[in-house]
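The values are calculated or read from the model by the stated rules, or taken from the named source; none is laboratory data. Values in this document were obtained by computation on a predicted structure and should not be read as measured data. No Cβ is skipped: glycine too gets one built from the backbone with ideal geometry, and neighbour counts run over all protein chains shown. These accessible areas exclude ligands, DNA and RNA; they are computed on the full protein's heavy atoms, side chains included. Shrake-Rupley method; radii C 1.70, N 1.55, O 1.52, S 1.80 Å.
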Amino acid sequence: MSRHPEVKWAQRVDKVFITVVLSDSKNAKVNLDPEGVFTFSANAGADNNLYELKFDLFDKVNVEESKINIGARNIFCVLEKAEKVWWKKLLRGDGKAPHYLKVDWDKWVDEDEDQGLGDLDLGGMDFSNFGNMGGMGDDPGELDDSDDEDQDVSKPESSDADKAGEQDIQKGNTEEKKEAA
């Protein structure tokens, strides 16, 4: 019996982002049909469980322009829409979306704020090193914080109003102690 991995999605007027969250997947296979059928299968976990899903997307997609990256922690797909229109939802039909399908709020943009990808060009992205991008060092589990070294962080100076407020609090505590005694 197969299982369903967690899936996150977001869209732009010209693209749909689908992220299948599945760590250490093996034999991952993604198939995209121009009619909007997205299928995925992989094995993962200590018991080598089979994970599968099939989505009938809301509309057609351009398979040749779409990109898929299979990484260590997830499978990231950038699906190019056949028509540059905002989809009402990800899946075709009137049924409720499956419980494992969630909106990817990190990538989400509202329709009235969408300007396509604007200056963001994913065409030059090297998907072969996708897991090591974004300030990661040699070890993907360790953030490269070398830019932050040798930077002093100081407490902001208090204003006169802040100091007066602190004094009032201290006076109140002293008065409370006198009353308690």
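Karplus-based coupling profile of segment 4-21, in residue order and whole Hz: 10, x, 5, 10, 10, 9, 8, 9, 10, 4, 10, 9, 10, 9, 10, 10, 8, 8, with θ = phi - 60° in 6.51 cos²θ - 1.76 cosθ + 1.60 and x standing for Gly or Pro. For segment 1-49, with all protein chains in place and a probe radius of 1.4 Å, 43% of the accessible heavy-atom surface sits on carbon or sulfur.
Beyond 20 Å in Cα-Cα separation lie the following of the pairs LYS81/LYS107; LYS8/LYS89; LYS54/LYS107: LYS54/LYS107. For the peptides 39-52, 67-80, the ranking by packing is 67-80, 39-52, with the highest mean count of neighbouring Cβ atoms within 10 Å listed first. Database remark: amide H of VAL13 closer than 5 angstrom to the amide H of GLY116 (H placed geometrically; neighbours at sequence offset of 5 or more, or on other chains; Pro and chain starts carry no H). If you wrap the Cα atoms of segment 1-118 in a convex hull and average its projected area over all directions, you get 7.6 nm². Summary of packing: across the peptides 99-109, 28-38, the per-residue average of other C-beta atoms within 10 Å ranks them, highest first, as 28-38, 99-109. Across ASP110, ASP94, the residue with the most accessible area heads the list, and the full order at a 1.4 Å probe is ASP94, ASP110.
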